[in-house]
1. Note down the net charge around residue 462, summing +1 for each Lys or Arg and -1 for each Asp or Glu among other residues with Cβ under 9 Å from its Cβ.
2. What does the highest-first list of 413-424, 505-516 look like by mean Cβ count within 10 Å?
3. So for the chain, if I pair up every lysine 8 or more residues apart or on another chain, how many of those pairs have alpha-carbons under 19 Å apart?
4. So what's the net charge close to residue 127: Lys and Arg +1, Asp and Glu -1, counting the other residues with Cβ under 14 Å from its Cβ?
5. Any idea what the dipole of the stretch 219-319 comes to, in debye rounded to 20, about its Cα centre with Lys/Arg Cβ at +1 and Asp/Glu Cβ at -1?
6. Could you run the Karplus curve 6.51 cos²θ - 1.76 cosθ + 1.60 with θ = phi - 60° over the stretch 55-64 and give me ³J(HN,Hα) per residue in whole Hz, x for Gly and Pro?
7. I'd like the FRET efficiency for residue 459 and residue 310, computed as 1/(1 + (r/R0)^6) with the beta carbon distance as r and R0 of 22 Å, rounded to 0.05.
8. How many Å³ per residue does the convex hull of the Cα positions in the stretch 190-229 occupy?
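We did not get these values from a lab; they are worked out from the coordinates using the rules stated. Note that this is a predicted model, so its numbers are computed, not measured. Please note: Cβ atoms are built from the backbone with ideal geometry, for glycine as well, and neighbour counts cover all protein chains shown.
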Amino acid sequence: MDRTTPVAHSEEIELYIRTYYSLLRSSGPVRVRSLEETHAAMKSSLHQQADSPEIDVSALVYCALRLPECIAETKLMVMGQMEAVFRRSGYDVEQWQTVRAKARRRKFYFDPDQGILAAFVASVSDIDDLIPCVTTLQIEWNKIHQKLGANELGRRLQTAANGDGYLPMDVLEEVRDALGLSSADFARLGQIWPGSLLSRNLQRAARSGLDLRILVLGSGLSDYRRSVQLWWRQIEEEAAALHLNERPIYFISSNVHSLINLVSGHAWELQEDLLEFVRRENPENLLAEYEKLAEDDVGSLANFLYYVARIYGGNANRIEQRAESIAEREKRVGLVRVSDPHYLDVEAQLVEINSLQRQWLDPRLRIFDDEEWGLLQQSDALLFNIDYPLGMAAYHIFSQVSTALDRILGVYILGKAATLNGRVGDVMLPNVVYDEHSRNSYLFRNCFTAQDVAPFLVYGTVFDNQKAVTVRGTILQNRNFMHVFYEEGYTDIEMEAGPYLSGIYEDIYPKRHPDNEIVNLFINAPYDIGLIHYASDTPISRRQTLLSKSLSYFGVDATYAASIAVLRRVLKQEAVRQRKLQRREERQNMPLVFDADGV
């Protein structure tokens, strides 16, 4: 067998997946406890103590961050693609409370009276993400219940809280000892359950265990496609003035802040205010980081300002004061935001290249001479940027976009990944992707090399010519499974590249993507394909993740290095395209000259 095709097989993981999909076909709710045995048996690398009586704090923290806080009050979780799917089953979710998870972008609504949590799913990847997360959280919550519920301490917890809902420090110390946790691990619980929520959840856990039920509505493929079509319809309506179906686009899947920061110049306008804010309030100890910056390191200063601006703008008064200025700048760079689509929680941003303001660009993007900039001012192309979707939602979204738009000039994918041989903050550029969904190995020419990213990366290292594997879910992996890929030279684990490449295949070829084949996209790809992954986790070495550090400032370095590489590539490509169009027009307008023989 070709060495690009890994032979990875985990009967335990496959049994777990088959089990929950089989049970979720039921017309009635399924109890999560029916999944606990197969969940524990797969020995997930993120939940290695599932079958141990000891609390797996890392797994609990990981899943609690990806579920809303009301999960502790939830009795039934209902999944569906859009409001109409919930409504036809009797759930008027739009009348419920809107709730959010800290580390997963997903629409949730909660009915506290009935204890029902509605979760919106955009593809099967959301199911593959939610089911293991909920099961993990229930297992670990019930361990806490078992350690606190049947003793005198558990009974005392119910009345020990003071008037503001906090448990006294001596009681919390007793709880920590009873749970068998170190001071550091117990502090991590306080981070995911801040303020009095820690005390309330400990009281809840002592009082009762979790016995969640799950119900999936409208699980057909057509429901996922319909939700994406309605998402696209809203984008078309709000961007009607841009005439999307007539404009060539550069498709970018990244985030909602980096590209806009790089072209709007807003953080530079606020530079003095931002630095004074850091000196006065020192959020996240950023003053120490600012003092480390070299005076001539403009790139690191830019990244610093972009990060501080997000914290600074979190204050409601500041948002109101600056909203008009931000809106005006975004309007002047031709930006249209569709920031809260009704069906998918995936923001879309459209930027007219000919509206970009040269003086507002990030200094690292000011690489164009007057001739090139003049060519960009003639461009009719758009940057079409979306907030990166989860897993198979990427396939549905790209399929819709490529179907609806007339011409795509490039596809650039920027996202997080786990690395099997690097460090957090490193950047990986794959040119081979094995996709667990289609079981295809995709071979393609990545338009980015290490030299495109490395000059803008301070803390990490860039690795190009890498091999990536697209997994079905972050928890749906175990160490044996990962070692198989590692032995085959796969060092990059993520969730979107495979689905995007399947969509690209269908945009190039007149048929559906194949299954279980080696697919060569080198030959017929009519546009740029660029994949950039930055490492946010090291699952084999068990070094700290960005989340466990709670210092996402260090993630800014890789994010902006990748974003700059993307924008430099796009704008250079567009200048070349405009030059070709200009020369073609000149040739067409050139007068014909005949000799004496009429030739």
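1. That sum, taken over residues with Cβ under 9 Å, equals -3.
2. Put in order of decreasing packing, that is 413-424, 505-516.
3. 8
4. My count for the surroundings of residue 127 gives +2.
5. My answer is approximately 540 debye.
6. Calculated HN-Hα couplings, in order: 6, 8, 4, 4, 5, 4, 5, 4, 7, 4 Hz.
7. Efficiency for this residue pair is about 0.70.
8. So the per-residue Cα hull volume is 119 Å³.
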